[in-house]
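K.L.:
One structure follows; several queries about it will come next.
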Amino acid sequence: QVIKCKAAVLWEANKPFSIEEVEVAPPKEHEVRIKIMATGICRSDDHAITGAVVVPFPIILGHEAAGVVESVGQGVTSVKPGDKVIPLFVPQCGECKSCLNTNGNLCSKTDLGTSGGLMADGTTRFTCKGKAIHHFLGTSTFTEYTVVHETAVAKINSAAPLEKVCLIGCGFSTGYGAALQTAKVQPGSTCAVFGLGGVGLSAVMGCKVAGASRIIGVDINSDKFAKAKEMGATDCINPKDFKKPIHEVLMEMTGGGVDYSFEVIGRTDTMTAALACCQCNYGVSVIVGVPPAAQNITFDPMLLFTGRSWKGSVFGGWKSKDAVPKLVADYMNKKFVLDPLITHTLPWTKINEGFDLLRTGK
């Protein structure tokens, strides 16, 4: 059965979302149709709107959500109608090189970096006003119903509050895992986190859980500092308060650089600053923010020659289908909190207001 429902369609770049009636086709073989109950707004969605991340239009964005399985296609065994689930923008097929490697998590079935905007068979499940609408990162959560591949959905605890655990679909897991999985922060170490949005705060939480002795938050919006300290930051600094480059300030504060740094913004200048502020021989810097399209980094290779490591992290390094149910269980067992990451809750028809709040740093 085709489902008619409401969705936030983006017809072209740099325009507001338009709430439209869309038709959502039934799931094909190995596909799952989900009723979306809650979705978060992530800066990566905004990057798609502005063109910093290249996507085909028209499109239904959104990739951080939780919902309930409405129906399943032929051959689906891992979920059934009525199950509570989180869609996965990094799938886990279990068969590609990254899935088979214990150190890998970036499944080759992901739409990340390819921006095809279609299902595996090269077609879309969304139609609006007779036009085919593209999918986003294989998830498309700014809609009442979506269709995902079975490799891109995780069944979670049926008692989990969907309006909170939706954050495990991207923001929380991405920051928390960057500290625990990618950097493998050691007890007693010093860390710097550039960017104190939801993902940055989750990185702060990961550093704290790992036992870091000093966690320095860096942001040009000092309004973020109180929340960062509540989540575990020991110091917070605003680059606008200093005459000298921020990496020099951090070097002085820590007597030669931090053990671990995290860039959680998605800017090339802060990526090089984060690399430069970590200890010259054994420091590890992790790029967590999505880099802008068509921009390259120029840096002094001596920064790496002396021994620093520069790493990237997608979805916190977690193998999605395996990790998401466990992270939800950890949340239910109070191993971490999500409430402080939620600043506003809006009816989803006010999605444009939500993006305004994001852009103004609120």
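The values are calculated or read from the model by the stated rules, or taken from the named source; none is laboratory data. Just so it is clear, the structure is predicted and the values come from calculations on it, not from any experiment. FYI the Cβ positions are ideal-geometry reconstructions off the backbone, even for glycines, and counts take in every protein chain you see. Heavy atoms of the whole protein, side chains included, go into the accessibility calculation; ligands, DNA and RNA do not. Shrake-Rupley method; radii C 1.70, N 1.55, O 1.52, S 1.80 Å.
K.L.:
How about the range 7-115: which chymotrypsin sites (Phe, Trp or Tyr not before Pro) there lie in a loop by DSSP and see at most 16 other Cβ atoms within 10 Å?
P.N.:
Sites meeting the loop and neighbour criteria: Trp11.
K.L.:
Using 0.36 nm per residue of separation minus the Cα-Cα distance, give me the extension gain between Gln186 and Ala120 in nm, one decimal.
P.N.:
Residue separation times 0.36 nm, minus the Cα-Cα distance, leaves 19.7 nm.
K.L.:
Which whole-number percent is the relative contact order of the chain (Cα, under 8 Å, 6+ apart)?
P.N.:
Over the chain, the number comes to 17 percent.
K.L.:
Let me ask something else. Can you bin the range 183-312 into rounded, prolate or oblate? Criterion: square roots of the alpha carbon gyration tensor eigenvalues sorted a ≥ b ≥ c, rounded for a/c under 1.5, prolate for a/b above b/c, oblate for the rest.
P.N.:
It comes out rounded by the Cα gyration axes.
K.L.:
In addition: On C-alpha positions alone, give me the angle between the axis of helix 198-209 and the longest principal axis of the chain, in degrees, nearest 10.
P.N.:
With rounding to tens, the tilt is 60 degrees.
K.L.:
Estimate the FRET efficiency between Lys80 and Val2 by the formula 1/(1 + (r/R0)^6), using the beta-carbon distance for r and 22 Å for R0, to the nearest 0.05.
P.N.:
The computed FRET efficiency comes out at 0.60.
K.L.:
For Ser71, which sequence-distant residues (separation of 5 or more, or a different chain) have an amide H within less than 5 Å of its own amide H, given hydrogens modelled in the peptide plane?
P.N.:
Arg33
K.L.:
Determine the share of the chain's accessible area contributed by carbon and sulfur atoms, expressed in whole percent, with a 1.4 angstrom probe.
P.N.:
The nonpolar share, carbon plus sulfur, comes to 54 percent.
K.L.:
With respect to the cross-link table entries Lys80/Lys109; Lys28/Lys321; Lys311/Lys334; Lys80/Lys362; Lys164/Lys321, which display a Cα-Cα separation exceeding 26 Å?
P.N.:
Listed pairs above 26 Å: Lys311/Lys334; Lys80/Lys362.
K.L.:
Right, next: Which value at 222 nm does the chain reach when only helices count, each DSSP H run of 4 or more adding -39,500 (n - 2.57), with the total divided by all residues and rounded to the nearest 500 deg cm²/dmol?
P.N.:
-6500 deg cm²/dmol
K.L.:
Using a 10 Å cut-off on Cβ atoms, rank the peptides 245-254, 119-128 from the highest mean neighbour count down.
P.N.:
245-254, 119-128
K.L.:
Could I ask something else about it? Over the chain, what is the percentage of antiparallel beta bridges among all DSSP beta bridges, to the nearest 5?
P.N.:
60
K.L.:
In sequence order, what are the phi-derived ³J(HN,Hα) couplings for the range 105-111 according to the Karplus relation 6.51 cos²θ - 1.76 cosθ + 1.60 with θ = phi - 60°, rounded to whole Hz, with x for glycine and proline?
P.N.:
For the range 105-111, the Karplus-derived couplings read 9, 8, 4, 5, 7, 5, 8 Hz, x marking Gly and Pro.
K.L.:
Take every Cα pair under 8 Å in the range 183-312 that's 6+ residues apart, average their separations, divide by the length, and report that relative contact order as a whole percent.
P.N.:
It rounds to 22 percent for the range 183-312.
K.L.:
While we're on this one: Against the longest alpha carbon principal axis of the chain, how many degrees, from 0 to 90 and to the nearest 10, is the axis of helix 320-332 turned?
P.N.:
Approximately 80 degrees, to the nearest ten.
K.L.:
Rounded to the nearest whole Å², what accessible area per residue is found for the range 303-362 with the 1.4 Å probe?
P.N.:
Result: 56 Å² per residue.
K.L.:
Could I have the simple spin-label model distance between Phe299 and Lys229, label points 7 Å from Cα toward Cβ, reported in nm to one decimal?
P.N.:
Each label point lies 7 Å from its Cα, and together they span 3.0 nm.
K.L.:
Related question: Based on the alpha carbons, how large is the Rg to Rh ratio for the chain when Rh follows Kirkwood?
P.N.:
0.97
K.L.:
Across the range 61-73, in residue order, what do the Karplus-derived ³J(HN,Hα) couplings come to in whole Hz, using 6.51 cos²θ - 1.76 cosθ + 1.60 with θ = phi - 60° and x for Gly and Pro?
P.N.:
7, x, 8, 10, 7, 8, x, 10, 5, 8, 7, 10, x
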